[in-house]
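Asks: If you scroll down you'll find the structure; I have some questions about it.
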Amino acid sequence: FDLASTPAGEMHKVKNPDQLQDLLSKTAGTVSCLLFIDAPARPPAGQSWPRHIHSASTMVKELAQRFGEAHFMRVLSGTCGDCLSRFGVPSTGFMPVISLMCDGKEEARWQQQALSETIWVPVQIGG
């Protein structure tokens with residue numbers, strides 16, 4: 001990426017499996033980052049997302065702003081049904097997972113650690 005000429009991007013909040021498929025179809029030849037969170041569509045009434053979920057979403061939004069040519073998406077199990085399992089992301093009890101894809105192929109995956117919102121560890125793809 002040439003950061004000097006890269007326009008600011010945005011993180012797409014995926015609302016349904018069709019939208020995810022449409023966004024993924026536009027990633028041919030590019031880099032994409034998917035943030036998977038095993039969480040309902042919205043936090044409980046009157047509450048905010050837990051701090052680690054908010055932190056993960058903020059991090060991906062900031063990456064999108066910095067690397068605008070890539071595609072950034074947030075996928076919640078509560079809005080996309082079986083999308084997490086389709087990508088081999090296990091139910092993690094709210095622990096966010098980030099998948100880095102290049103030209104539609106997953107290249108790396110990290111999971112946020114339960115005791116620290118700033119520590120992400122690599123995990124085996126598909127496992």
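Asks: Select from region 103-112 the residues that are open to solvent by 60 Å² or more (accessible area, probe 1.4 Å) and not in a loop (DSSP other than H, G, I, E, B) and write down the one among them that is nearest to V123 (Cα to Cα).
Replies: Top of the filtered list is W110.
Asks: Could you list all residues from region 68-91 that are surrounded by fewer than 18 Cβ atoms within 10 Å (Cβ to Cβ) and either of a type in the set (S, T, Y) or touching a Cys at 6+ places or on another chain (Cβ under 9 Å) (or both)?
Replies: Passing the criteria: S85, R86, S91.
Asks: Still on this structure: Take the conditions more than 13 Å from V14 (Cβ to Cβ) and modelled with pLDDT of 85 or more and apply them to M59. Does it pass?
Replies: The answer is yes for M59.
Asks: Can you name the condition, by its number, that S99 falls short on among (1) open to solvent by 30 Å² or more (accessible area, probe 1.4 Å); (2) touching a residue at least 12 places away in the same chain (Cβ under 8 Å); (3) closer than 22 Å to L23 by Cα; (4) of a type in the set (G, A, S)?
Replies: Condition not satisfied by S99: (1).
Asks: Let me ask another. Starting from region 42-54, keep only residues that are free of Cβ contacts under 8 Å to residues at least 60 places away in the same chain and more than 19 Å from C80 (Cβ to Cβ), then list their pairs with residues that are assigned to a helix (DSSP H, G or I) and not charged (D, E, K, R) whose Cβ atoms are within a distance under 8 Å, requiring at least 6 positions of separation or different chains.
Replies: Going by the 8 Å Cβ cut-off, the qualifying pairs are S48/H54.
Asks: In this structure, does V14 turn out to be touching a residue at least 60 places away in the same chain (Cβ under 8 Å) and in contact with a Lys or Arg (Cβ under 7 Å, 6 or more places away or on another chain)?
Replies: Yes.
Asks: Looking only at region 28-45, filter to residues that are hydrophobic (A, V, I, L, M, F, W, C) and over 17 Å from V75 (Cβ atoms); which one of those is surrounded by the fewest Cβ atoms within 10 Å (Cβ to Cβ)?
Replies: Ranking the qualifying residues of region 28-45, first place goes to A45.
The values are calculated or read from the model by the stated rules, or taken from the named source; none is laboratory data. Quick caveat, the model's predicted, so the values are computed rather than measured. No Cβ is skipped: glycine too gets one built from the backbone with ideal geometry, and neighbour counts run over all protein chains shown. Note: areas computed on protein heavy atoms with side chains; ligands, DNA, RNA excluded. Shrake-Rupley method; radii C 1.70, N 1.55, O 1.52, S 1.80 Å.
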